[in-house]
Amino acid sequence: MNILLLGGTGTAGRSTLPVLLAAGHTVSVHVRSDLAAARLQPLGVSAIRFDAEDPEALVSVLRGQDAVIDHRVSLPPTSRSILPGAWRSFQHLRDPALSLLVDAMIHAGVPRLVRDLVTFVYEDGGDAWLDEASPVSASGPMAANLLAEAHVSRLTAAGGQGVVLRCGLFYGPDDRMSVETMRLARRGAALLLGADAAWHSALYTGDVGTAVLAALRVAPGVYNVVDDEPLRRCELAALLAQSAGRRRIHRPPGLMVPLAGAAARVQARSHRISSQRFREATGWRPRVPTRREGWPAAFAAVG
Ligand SMILES: NC(=O)c1ccc[n+]([C@@H]2O[C@H](COP(=O)([O-])OP(=O)(O)OC[C@H]3O[C@@H](n4cnc5c(N)ncnc54)[C@H](OP(=O)(O)O)[C@@H]3O)[C@@H](O)[C@H]2O)c1
């Protein structure tokens, strides 16, 4: 397939690109700087610098593509996340920018879009397993996740194949936020919100790319993509402590959650997520099935 990869220079992109190339796809990567283009050069992909917000430029780049993979995201730094306007870029990429992309794909006749989004849209499920039919709710900036899903389904309604991957929290040695988590854990702390018994679901960064590859041939729709073993917050804190060589990990008090903004509040929910639908539809399996393997390996890899 000829594939246009947007957001290909981040964590998900670094996982996806080699997998697509190994599978024989021809990949063009959208870049926003000459430095990013130079970094991609050794991989033998075509790095294209264009204004992805310009409808004409977008349609022209899209012509001849068979699929688009959109990994774009812009998150505010944690220290600024409760400030007004901090989530503007995040909302922009999930709403007007994605809407523009879908319009341009329909115009250019590109049938397939794979858009990775988040599992944070699910309501707190307590101890129940959550699948794609479980209730969702999102407010504040997080509502943009559901708007994004609606844009992707618009492509399907127009005769294309829109696929949303609701991914668990990425973790791995090559992820900026994970490196920060490991640094903090080595000092005996973790920004892990939520009750001790609340479930948390994740995905090893190395498994993002294989999931995206599998999504290129799955029926349109919404799919959860997480590893095999959700962990309770208390288990995750103990695992981080053990991997970091600490006796215990200090977490923010529960009192902080209501004050920490809408994005933090959804991260405190109990999410015991199942990928069964995606696994049955594609045969995909995570290479790192549990954080009990993945976190110690990530700590060892960063040294
Ligand atoms: N990280 C997680 O834990 C996690 C969990 C579940 C789902 N996801 C989802 O997976 C997707 C990818 O996340 P990630 O962790 O790979 O993010 P990331 O590492 O921050 O990478 C973001 C990518 O988006 C690009 N980008 C940022 N602002 C842009 C803009 N205005 N226009 C065009 N491109 C822009 C960046 O390009 P530059 O290199 O040029 O800045 C980069 O390639 C996101 O949709 C995210 O919500 C992430």
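Counting only residues that are over 22 Å from Ala241 (Cβ atoms), modelled with pLDDT of 95 or more and touching a Lys or Arg at 6+ places or on another chain (Cβ under 9 Å), give me the strands (runs of 3 or more DSSP E) lying completely in the range 137-223 with at least 1 of them.
Values: elements: 161-167, 169-171, 202-204.
Passing ranges, in order: 161-167.
Here are the criteria: (1) over 19 Å from Asp175 (Cβ atoms); (2) surrounded by 19 or more Cβ atoms within 10 Å (Cβ to Cβ). Tell me which single one Ser243 does not satisfy.
Of the numbered conditions (1) over 19 Å from Asp175 (Cβ atoms); (2) surrounded by 19 or more Cβ atoms within 10 Å (Cβ to Cβ), the odd one out for Ser243 is (1).
Restricting to the range 42-64, and then to whatever is of a type in the set (Val, Ile, Thr) and over 23 Å from the mean Cα position of the chain (by Cα), can you tell me which residue is farthest from Val102 (Cα to Cα)?
Step one: list which residues in the range 42-64 are of a type in the set (Val, Ile, Thr), which gives 45, 48, 59, 61.
Checking the rest, the ones that are also over 23 Å from the mean Cα position of the chain (by Cα) come to 59, 61.
Numbers: Val59: 10, Val61: 13 Å.
Per the criteria, the residue is Val61.
Scan (1) surrounded by 17 or more Cβ atoms within 10 Å (Cβ to Cβ); (2) within 13 Å of the ligand (Cβ to nearest atom); (3) within 25 Å of Thr156 (Cα to Cα) for the single condition Glu53 breaks and write down its number.
(1)
Can you find even one residue in the range 250-263 that is open to solvent by 20 Å² or more (accessible area, probe 1.4 Å), in a loop (DSSP other than H, G, I, E, B) and at pLDDT 95 or above?
Taking every residue of the range 250-263 in turn, none turns out to be open to solvent by 20 Å² or more (accessible area, probe 1.4 Å), in a loop (DSSP other than H, G, I, E, B) and at pLDDT 95 or above.
Filter the range 136-145 down to the residues that are open to solvent by 50 Å² or more (accessible area, probe 1.4 Å) and touching a strand residue (DSSP E or B) at 6+ places or on another chain (Cβ under 7 Å) and list them by number.
Val136
Among residues belonging to the range 77-98 that are within 11 Å of the ligand (Cβ to nearest atom) and closer than 22 Å to Gly261 by Cα, point out the one that is surrounded by the most Cβ atoms within 10 Å (Cβ to Cβ).
Arg94
Given (1) of a type outside the set (Ser, Thr, Tyr); (2) open to solvent by less than 10 Å² (accessible area, probe 1.4 Å); (3) closer than 27 Å to Ala128 by Cβ; (4) within 12 Å of the ligand (Cβ to nearest atom), where does Gly209 come up short, assuming only one miss?
For Gly209, the failing item is (3).
Would it be correct to say that Ala268 is within 18 Å of Ser201 (Cα to Cα), of a type in the set (Gly, Ala, Ser) and either open to solvent by less than 60 Å² (accessible area, probe 1.4 Å) or in contact (Cβ under 8 Å) with a residue 24 or more places away in the chain (or both)? Quick ask: steps written out before the conclusion?
Numbers: within 18 Å of Ser201 (Cα to Cα): yes; of a type in the set (Gly, Ala, Ser): yes; either open to solvent by less than 60 Å² (accessible area, probe 1.4 Å) or in contact (Cβ under 8 Å) with a residue 24 or more places away in the chain (or both): yes.
It is true that Ala268 is within 18 Å of Ser201 (Cα to Cα), of a type in the set (Gly, Ala, Ser) and either open to solvent by less than 60 Å² (accessible area, probe 1.4 Å) or in contact (Cβ under 8 Å) with a residue 24 or more places away in the chain (or both).
Yes or no: Arg287 touching a Gly at 6+ places or on another chain (Cβ under 8 Å), open to solvent by 20 Å² or more (accessible area, probe 1.4 Å) and farther than 19 Å from Val179 by Cα?
Values: touching a Gly at 6+ places or on another chain (Cβ under 8 Å): yes; open to solvent by 20 Å² or more (accessible area, probe 1.4 Å): yes; farther than 19 Å from Val179 by Cα: yes.
Yes, satisfied.
Got a number for residues in the range 171-193 being basic (Lys, Arg) and either within 18 Å of the chain's Cα centre (by Cα) or within 13 Å of the ligand (Cβ to nearest atom) (or both)?
Quick first cut of the range 171-193, residues basic (Lys, Arg) only: 176, 183, 186-187.
Checking which are either within 18 Å of the chain's Cα centre (by Cα) or within 13 Å of the ligand (Cβ to nearest atom) (or both) leaves us with 176.
Total satisfying the criteria: 1.
The values are calculated or read from the model by the stated rules, or taken from the named source; none is laboratory data. If you're wondering where the values come from, they're calculated on a predicted model, not measured in any experiment. With ideal geometry, Cβ positions are generated from the backbone for all residues, glycine too; neighbour counts draw on all protein chains shown. Side chains are part of the model used for accessible areas, which takes the heavy atoms of the whole protein and leaves out ligands, DNA and RNA. Shrake-Rupley method; radii C 1.70, N 1.55, O 1.52, S 1.80 Å.
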